[in-house]
Amino acid sequence: MNTIINKIFIKFLFIFIIVFSYSCSNDDESAPITEEIEVIDPITVNNPIIGETGKIIALDDKKIAKGYILINDIENARVYLMDKLNATIKHEWTLTSRLGNDVVLLNNGKLLASLKDENSFYSIGGYGGKIQIINPDSSIDWEFNYSNEQYLSHHDIELLPNGNILVMAWKIKTILEGEEAGYDISNPNEILMPESVIEINPETKEIVWEWDSWDHLVQNHDSTKNNFGDINENPQLIDINYHYDDRGDIMHANGMDYDPSTDLIYLSVNFYSEIWVIDHSTTTAQAATHQGGNFNKGGDLVYRFGNPTTYKNTVGQRLFYNNHFPNILVDGEIGAGNMLMYMNGNIPENEQSKVYELNLPENLTLSPDQDNEPKIIWEFTDAELYSPLVSGAVRLANGNTLITEGAFGFWEVNNNKEVVWKFDGNSGLYWRGYHYDYNDPGVINLDL
């Protein structure tokens with residue numbers, strides 16, 4: 001009986017407080033009620049949902065996009081499909097090697113994976129050397145190795161609409177080759193590792209297209225060497241001396257996306273804190289020159305953004321301080337034509353990450369001393385959002401954005417910047433997370 005009386009008393013007390021608050025607010029007609037009281041399920045806030053690989057610490061099941069996340073767990077060399085509602089693993093693959101970072105689920109239920117070559121000559125962060133297509137039962141369907149003393153694949157791979165695979169790779173140059181290219185050899189490197197992109201035909205294992213940053217350099221260090229010129233007047237070229245790294249990894253591209261509507265490749269270049277845009281419509285021969293292709297720039301940069309200081313441009317706001325995953329939103333996605341980008345925010349006085357949605361110019365032009373930066377459509381940050389490494393963001397079918405905070409776990413936020421789901425993982429480092437609806441073809445073909 002006392003329990004019933006207590007419940008009735010609490011109920012009437014709650015009603016009284018609401019009525020009293022409303023009447024007080026109307027004492028001043030200039031201050032109307034503008035916020036609704038949101039009832040949050042205390043179970044998901046005070047008592048996290050403990051899963052197999054971490055815990056859900058925020059959940060609004062009315063606002064999240066229900067489905068699975070393919071989690072690339074670098075720290076533990078694991079790839080698994082996790083249900084967002086309860087943090088349970090629905091499917092896991094057994095890998096033959098550690099992660100070379102990117103792994104995606106294909107429509108046929110197979111994985112396309114970048115893995116590490118155990119016998120690699122180099123062990124720079126993000127190195128790979130081995131690419132596999134892995135069956136649902138973890139058996140190897142296809143494998144391609146790109147690893148020796150002259151080159152090494154790394155970080156990211158991309159399946160093209162024609163079935164070919166784009167691969168990021170370092171091409172090794174001697175310090176003497178660097179000196180002839182105008183590299184400042186007062187920086188004591190033994191080798192240089194500039195960026196390239198190759199396209200592989202998986203049926204023949206042939207390289208059918210290639211772009212090499214070494215063909216598109218500029219430097220103002222030594223007028224007697226190759227590539228000498230005014231960096232500011234040549235924004236389509238890459239300053240070889242912009243960044244120094246004592247391992248020779250002077251550029252460190254870390255992410256890539258392909259836009260089928262324009263046949264352009266978007267390359268995230270971490271040490272330059274910007275995105276390079278490359279014309280894939282060129283032939284390999286044209287890609288080594290400054291003419292040809294749909295944009296008639298050969299392999300020069302069609303566009304670049306994020307950090308205008310790389311070409312000594314004093315106009316335009318710098319957006320990026322290290323960056324990962326240039327994610328073009330394609331037809332059918334909310335915001336199609338825009339790009340999502342994870343900005344790591346490695347600024348000593350203000351270490352904080354940010355996710356941007358950017359609207360790229362309709363006409364991609366690069367001009368000296370002009371504001372060439374894209375327009376910010378939407379952005380999200382939080383005092384607790386910071387990962388100095390990896391990370392990324394993908395757009396979900398309901399318009400929400402799934403964020404991988406590499407050093408923590410995952411966030412889902414809506415367009416109003418509400419955190420509707422948050423997962424605190426047990427791993428020390430997550431490369432990315434990709435979202436798949438329950439009825440996604442890849443999920444269906446796993447026969448869960």
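The values are calculated or read from the model by the stated rules, or taken from the named source; none is laboratory data. Keep in mind that this is a model prediction, so the values were computed, not measured. With ideal geometry, Cβ positions are generated from the backbone for all residues, glycine too; neighbour counts draw on all protein chains shown. Accessible surface areas use protein heavy atoms only, side chains included; no ligands, DNA or RNA. Shrake-Rupley method; radii C 1.70, N 1.55, O 1.52, S 1.80 Å.
At a glance:
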read-out: Antiparallel DSSP beta bridges within the chain, percent to nearest 5; value: 95
read-out: Relative contact order, percent, segment 264-413 [alpha-carbon distance under 8 Å, six or more residues apart]; value: 17
read-out: Alpha-carbon centroids, segment 221-242 and segment 396-443: separation in whole Å; value: 41
read-out: Paramagnetic reach from Asn439 in segment 52-77 [backbone N under 20 Å; point 7 Å along Cα→Cβ]; value: 62-70
read-out: Gain upon complete extension [Asn294, Thr174; 0.36 nm per residue less C-alpha separation]; value: 39.9 nm
read-out: Protection proxy ranking of 199-211, 293-305 - average other beta-carbon atoms within 10 Å, highest first; value: 293-305, 199-211
read-out: Nitroxide proxy distance, nm - points 7 Å out along Cα→Cβ at Thr96 and Ile207; value: 2.2
read-out: Acute angle (nearest 10 degrees) that the helix 2-25 long axis makes with the longest principal axis of the chain, alpha-carbon atoms; value: 70
read-out: Mean projection area, nm², convex hull over Cα of the chain; value: 27.1
read-out: Local electrostatic count, Trp142, Cβ distance below 15 Å [Lys/Arg +1, Asp/Glu -1]; value: -2
read-out: 13 Å beta-carbon shell around Ser281, net charge (K/R +1, D/E -1); value: -3
read-out: Fraction of accessible area attributable to carbon and sulfur, segment 370-448 (%, probe 1.4 Å); value: 46
read-out: Cα gyration tensor shape for segment 239-343, rounded if a/c is under 1.5, else prolate or oblate; value: oblate
read-out: Whole-number accessible area per residue in Å² for segment 157-277, which is evaluated in the context of all protein chains at 1.4 Å; value: 36
read-out: Percent accessible area from carbon and sulfur atoms, segment 160-296, protein chains only, probe 1.4 Å; value: 45
read-out: In sequence order, calculated HN-Hα J values of segment 319-325 (Karplus, 6.51, -1.76, 1.60; Hz; x Gly/Pro); value: 9, 10, 10, 6, 8, 9, 6
read-out: Pair Asp184, Thr283: separation of 7 Å Cα→Cβ label points (nm); value: 3.9
read-out: Virtual spin-label span in nm between Asp369 and Gln352, 7 Å along Cα→Cβ; value: 3.5
read-out: Long-range HN-HN contacts of Ile57 with modeled amide H, under 5 Å; value: Lys422, Phe423, Asp424
read-out: Charge tally in the Cβ shell below 9 Å around Val443, where Lys, Arg are +1 and Asp, Glu are -1, Val443 excluded; value: -1
read-out: Cα-based shape type of segment 315-448, given that a ≥ b ≥ c are square roots of the gyration tensor eigenvalues and the cut on a/c is 1.5; value: oblate
read-out: Packing rank of 422-428, 370-376, where each peptide gets the mean count of other beta carbons within 10 Å, highest leading; value: 422-428, 370-376
read-out: Calculated from backbone phi, Karplus (6.51, -1.76, 1.60) coupling profile of segment 230-241 in Hz, x at Gly/Pro; value: 7, 5, 5, 7, 10, x, 7, 10, 10, 6, 5, 9
read-out: Filter on Lys171/Lys354; Lys116/Lys205; Lys116/Lys225 - keep pairs with C-alpha separation over 25 Å; value: Lys171/Lys354; Lys116/Lys225
read-out: Size of charge dipole - the chain - debye, nearest 20, with Cβ of Lys, Arg +1 and Asp, Glu -1, no other charges; value: 1060
read-out: Rounded if a/c under 1.5, otherwise prolate or oblate - segment 271-394, Cα gyration tensor axes; value: prolate
